[in-house]
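Reviewing the structure listed below.
The values are calculated or read from the model by the stated rules, or taken from the named source; none is laboratory data. Please read these numbers as outputs of a predicted model, since none were measured by experiment. Neighbour counts are summed over all protein chains in view; Cβ atoms, including those assigned to glycine, are modelled from backbone coordinates with ideal geometry.
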Amino acid sequence: MTYIGAENIISPLGSTAEQNFEEIRKGHSGIRIHSSIGLKGEDLPVSVMTTLETFDPIEIAVRSIQAATKKLNSQEFEKHKKCLLISTTKGDLKQLQQDVSEASLLRFKQQIHSRFPEFDDIQLISNACISGVLSLVWANDLVQSEQFDSVVVCGVDMLSTFTLAGFQSFFALSDTHCRPFDKDRTGINLGEAASTIVVSSQPSLFKEACFHCLGGSVSSDANHISGPSRTGEGLFRTIDRTIRQAKVEKSEIDFISAHGTGTNYNDEMESIAFDRHELNKVPLNSLKGYFGHTFGAAGLVESSICLQSMRKNVLIASAGYANQGTTKEINVLQENQSVPVDLILKTASGFGGSNASILFKK
Amino acid sequence: MSLTISSYVQIRQEKSFLNGTPCVTVDEQDLLKQYYKELEMNYPKFYKMDSLCKLGMIAMELLVKSKPELLDKNNEAVAMVFQSENGCLQTDSEHQADVDQGKSSPAVFVYTLSNIVCGEISIRYKWFGESVFFISDATDTKSLLTYAKSLILTDKAECCILGRLEAFEGSYSADLVLVENKDEGIHLEDLQKLLDSK
């Protein structure tokens, strides 16, 4: 077990976790229709900072890391053996149009490291849409195995034509606001964000209240690189492993922060995995209707909102959801709920058939 | 607990090595395809993959052939911890070139994620275990070992395949190293020396 907190989110909805939480609590979304941004000049709904490709992922990541570390006791943090863990799928894609070698993730990692020389080590995980949750799982393991006292995990991805065009070629984008788990869902909205969370062996490191991280796991579907498993195999297995390792009972789980992209196959797959675990009655949401899918940042953004939910004992409604749209019944939240929130399961699934899950406890 | 290296595979362009000893050698021309044929992989999906995935599949085939007991283990027992400097940068630039011409192909785009190589290997061998893909320079064996130790120490995996894969602009290099909880074998501290030996 480790301690987790000091969360930050920088998204179109705000530049702190608190602002972002208050905005989505009011039902506000960062998603707007932007003109002529598709490969063939289509108008598409996306959640972006201002206009496409103006977001500098390094600057925003640096701001997010600084904001999170301001929530730590600096004297104690100075003494810690610390690692900075970056979660991103594509780093700085703008470079790809100019100089390919400058676009490498290794270069991206070095540039961020040069801004934070005080860290003993820096790592960069690039593992599709599970990068964020997987990075938190790793951070927990690195602290638990006493290899570091603290790990600062920052997820960041910008949106670009590169990614939009790719998802368009899969016919995976919705031309309206996404509706995860709803029967009328028609696909994903993409977004961009940066978000940071700190994992530590010392609760005294955090100025505000912190929570327990019970760790997590990763599992592969071993089925298809771009299509979710029809039996929810990898997601089922990672949840199983995470719950067993943390030695908690399924009945203790108060809330599931799901991945919920808004595509037919993904949401159906998730519902099957939750059903196989008999988690049908546990309140659940997808936050993609507020932030879009922010790739390497998604797991951090959504986990930050989980921590805010535990601070405020408020569960956030799943934007865009009205009617059951999966063959297995699950409890998708249609309204915010004020309830005690003590144990949260966070999940993610992505290309490559990869799945990850993690548990947070008050 | 004592973790040691029980087997390792290396590919340097047209030459491959098993536990340091020369193994299959192929023609320089179209060398990934040559390896595929030479190893009689009989896995037609191979042809659809990008070069990073092809390289990973070939290296894993060599490792599994030398350690067939890997396939008899529980299907969650084997973890993959892979690192790369360039990841899928080759495919990134191919997809960017498509986009610049107003095109986009799902068959290219899906390979613009470095971890797809872990997915392809999982599919071939029906492995449901832990996997991670991270970006690090070639001298950073410390991170590979850190990850491997923590996976085995936390009982998430019984054994761990450490990987270093580079496929960029016609240059191919792969190392796969099997780390197990066994007394006999090569010491983990010798990993860097072992990787640099070829």
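For the stretch B:136-149, name all the residues that are surrounded by fewer than 22 Cβ atoms within 10 Å (Cβ to Cβ), over 18 Å from A:Arg107 (Cβ atoms) and either at the interface with another protein chain (Cβ under 8 Å from one of its Cβ atoms) or more than 17 Å from the chain's Cα centre (by Cα) (or both).
B:Lys142, B:Thr146, B:Lys149
Could you count how many residues in the stretch A:166-190 are farther than 21 Å from B:Val108 by Cα and not in a loop (DSSP other than H, G, I, E, B)?
The total comes to 1.
Collect the residues in the stretch B:150-194 that are facing chain A (nearest Cβ under 9 Å) and under 24 Å from A:Gly216 (Cβ atoms), keeping them in residue-number order.
B:Ser150, B:Leu151, B:Leu153, B:Thr154, B:Asp155, B:Lys156
Take B:Asn42 and decide whether it is outside any helix (DSSP H, G or I), on the phi > 0 side of the Ramachandran plot and more than 8 Å from every other protein chain (Cβ to nearest Cβ).
Yes; evaluated as a whole, the condition is true for this residue.
Select, from B:Glu76, B:Glu61, the only residue that is in contact with a strand residue (DSSP E or B) (Cβ under 8 Å, 6 or more places away or on another chain), within 20 Å of A:His224 (Cα to Cα) and surrounded by fewer than 24 Cβ atoms within 10 Å (Cβ to Cβ).
Step by step, each of B:Glu76, B:Glu61 is checked, and only B:Glu76 is in contact with a strand residue (DSSP E or B) (Cβ under 8 Å, 6 or more places away or on another chain), within 20 Å of A:His224 (Cα to Cα) and surrounded by fewer than 24 Cβ atoms within 10 Å (Cβ to Cβ).
Step by step: first the residues of the stretch B:79-89, then only those that are assigned to a loop (DSSP other than H, G, I, E, B) and either of a type in the set (A, V, I, L, M) or surrounded by 24 or more Cβ atoms within 10 Å (Cβ to Cβ) (or both), then the one that is farthest from the chain's Cα centre (by Cα). Which residue is that?
The selected residue is B:Cys88.
Within the stretch B:90-128, can you find the residues that are within 7 Å of another protein chain (Cβ to nearest Cβ), under 20 Å from the mean Cα position of the chain (by Cα), surrounded by 23 or more Cβ atoms within 10 Å (Cβ to Cβ) and not aliphatic (A, V, I, L, M)?
Hits for the stretch B:90-128 are B:Asp92, B:Thr112, B:Ser114, B:Asn115, B:Cys118, B:Gly119, B:Glu120, B:Ser122, B:Trp127, B:Phe128.
Under the condition of being touching a residue at least 40 places away in the same chain (Cβ under 8 Å) and over 26 Å from B:Asp183 (Cβ atoms), which residue from the stretch B:1-14 is nearest to the chain's Cα centre (by Cα)?
Among those residues, the one meeting the criterion is B:Ile11.
Mind checking which helices (runs of 4 or more DSSP H) fall wholly inside the stretch A:1-106 and carry at least 1 residues that are at pLDDT below 95?
Answer list for the stretch A:1-106: A:57-69.
Specify which of the listed residues (A:Val198, A:Val218) is among the aliphatic types (A, V, I, L, M) and more than 14 Å from every other protein chain (Cβ to nearest Cβ).
Going through A:Val198, A:Val218 in turn, just one is among the aliphatic types (A, V, I, L, M) and more than 14 Å from every other protein chain (Cβ to nearest Cβ): A:Val198.
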